[in-house]
1. Calculate the radius of gyration of the Cα atoms of segment 56-169 to one decimal place, then report Dmax, the largest Cα-Cα distance, as a whole number, both in Å.
2. 5 Å is the cut-off here: which amide hydrogens, built 1.01 Å from N in the peptide plane, fall below it relative to PHE129, excluding neighbours closer than 5 in sequence?
3. Any idea what angle helix 103-113 forms with the longest principal axis of the chain, computed on alpha-carbon atoms, 0 to 90 degrees, nearest 10?
4. Need one word for segment 131-214: rounded, prolate or oblate. Basis is the Cα gyration tensor (sqrt eigenvalues a ≥ b ≥ c); a/c below 1.5 gives rounded, then a/b vs b/c decides.
5. Distances over 23 Å make up what percent of all Cα-Cα pairs in the chain?
6. Using a Förster distance of 41 Å, how high is the FRET efficiency between CYS196 and GLN133, based on the Cβ-Cβ distance and rounded to 0.05?
7. Restricting to the chain, what percent of DSSP beta bridges are antiparallel, rounded to 5?
8. With all protein chains present, how much of the accessible area of segment 1-118 (probe radius 1.4 Å) comes from carbon and sulfur, to the nearest whole percent?
Amino acid sequence: MSQVKGLCVMDVDGTLIAEEVIDLLGREAGCEAEISEITNQAMRGNLDFERSLRERVALLKGLPISVLDTVFKSIHLSRNAQEFISLLQKNDILVGLVSGGFSLIVERLAKYLGISYFSANELEVKDGFLTGQLVGGIVTAQVKKATLEKWRMELEIPKERTIAIGDGANDLLMLKSAGHAIAFCAKEVVKAEIACHVDKRDFLEVLPLIDFLE
């Protein structure tokens, strides 16, 4: 891995993709408005992320696992996200995804984009249906930050060659621990604390903010 020259860690929901997957699952469960309101409150920093996530996931109990296919087909990459990631990879900057969303979606996105580093929450599935529970630890704000730092140390990359991109309150700790923090189409609570922000949903707008690209 010695050829890796930098690390870019991205949030997924609302950043890499335009949608919040939990809200789309809520639509399938017939409670989109309720879930969406909790999501908005959590992303603005008004609710504890882990508690709010467990509350939203509980509302998904009984959904067949097949809805994940439906949801995956209905998400949209943010404009030029694929081009942005390819350009970083060509410049030997490793891209990782850290998500408070779900591995059943994030893993497929990562594979599609040629990304081998990713971390997300695990939905519990029994007999082909969601149980309304999560398995294992939750990807909280603290875990996002710790994951960026773990990958950086494994890759032996100096802090100044790390980039973090996110949009919600649960991305703040990760953003602050990176050499380059970029608030992408972010909530006001994030823009208030992060100097660099891109308010247009287009990843080509991010490129000028990275000073170590060839």
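The values are calculated or read from the model by the stated rules, or taken from the named source; none is laboratory data. These numbers were taken from a predicted model, which means no experiment stands behind them. Cβ placement follows ideal geometry from the backbone for every residue including glycine, while neighbour counts extend to all protein chains displayed. These accessible areas exclude ligands, DNA and RNA; they are computed on the full protein's heavy atoms, side chains included. Shrake-Rupley method; radii C 1.70, N 1.55, O 1.52, S 1.80 Å.
1. When restricted to the Cα atoms of segment 56-169, Rg and Dmax are 15.6, 47 Å.
2. Under 5 Å from the amide H of PHE129: ILE65.
3. The angle comes out near 40 degrees.
4. On the way: a/c = 2.07, a/b = 1.24, b/c = 1.67.
Oblate, because a/c is 1.5 or more while a/b does not exceed b/c.
5. Everything past 23 Å amounts to 42 percent.
6. 0.65
7. Numbers: 6 of 28 bridges.
Of those bridges, close to 20 percent are antiparallel.
8. Values: 2490 of 5220 Å².
Answer for segment 1-118 is 48 percent, counting heavy atoms of protein chains only.
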